[in-house]
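Take a look at the structure set out below.
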Amino acid sequence: VNGALQGGALEVAARCAMAASDSFKLHGPYADGIALLNRIRTEAISESSLARVHRKMGLLLQHLAGKQSETTHYFERALEGFRALGERQNSAVTMMNLAAFIVRKGQFEQAQAYYDEALAVFQEMNVRQVEGVCLGNIATLYRRLGRHHDALEVMNKALAISREIGDRSSECVQLTNLSNVYKEEGQVDRGKACADAAISIARELDNRYFE
């Protein structure tokens, strides 16, 4: 990043900073990732890169206390940018990010609207992996609303997609979520079967966190 900035390669610097920010998003510290993104000279990069910077800023800010307004602001600016550019998949991914964030703020109706619009895009574009993620997020929303029957139906759709595309990590997550909802519904045997299947996949993947 430093070399690109000093050499005037501002688009390269922006791409490097965004790539590095992904590591901070996963492992922290989030403030360092935000500081890195703030070094980008946003007035000198393309509109497409700017929208990506705004989205990544939202993904980091959402983890910090007291940053709810800023997080929403950056996601909304990213969404506005992607829509203006006609980048439909990126628009849909940003809507999904924004929906997941505002669910935590109790804005369930708006979150549902974002999820529904994003899901329609993923299905139209046949982006199966992200469609499955979106369905899983919708199921989580239904669960929070106490709509357990709807949550189970959508989770099973997400599970079917993960199996269809061979995404074992996603399959493990969906089975774990199904296990929890089945147990909440008093379907203990079905919940245990899902949990056992999830544990088996986690061990197969050597993923101690999932296990």
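Every number here is computed from the coordinates shown, using simple stated rules; none is lab data. Worth saying up front: this structure is predicted, and the values here are computed from it rather than measured. Don't worry about glycine lacking a Cβ; one is built from the backbone with ideal geometry, like all the others, and counts go over all protein chains shown.
For the reader, a short list of remarks on this structure follows.
- The number of Lys pairs in the chain with C-alpha atoms less than 23 Å apart, excluding pairs fewer than 8 positions apart on the same chain, is 9.
- At q = 0.13, 0.15, 0.26 Å⁻¹, base-10 log of I(q)/I(0) for the stretch 154-211 (Debye sum, equal scatterers on each alpha carbon): -0.29, -0.38, -1.01
- One quarter of the convex hull surface built on the alpha carbon atoms of the stretch 115-198 amounts to 4.9 nm², the projected area averaged over directions.
- Between D116, D22, D189, the Gaussian network model of the chain with springs among Cα atoms under 10 angstrom shows the greatest mean-square fluctuation at D189.
- Taken along its principal axes, the alpha carbon cloud of the chain reaches lengths of 62, 37, 35 Å, longest axis first.
- Evaluated over the stretch 38-108, the Cα radius of gyration and Dmax, each in Å: 11.9, 37
- Cβ-placed point charges (K, R +1; D, E -1), dipole of the chain about Cα centre in debye, nearest 20: 420
- Panel note: the C-alpha atoms of the stretch 68-164, placed on their principal axes, show extents of 35, 30, 16 Å (largest first).
- Simple point charges give the picture: +1 on the Cβ of Lys and Arg, -1 on the Cβ of Asp and Glu, and for the stretch 64-170 a dipole about the Cα centre of about 360 debye.
- Calculated mean residue ellipticity, 222 nm, the chain: -26000 deg cm²/dmol, from DSSP H runs (n ≥ 4) at -39500 (n - 2.57) each, averaged per residue and rounded to 500.
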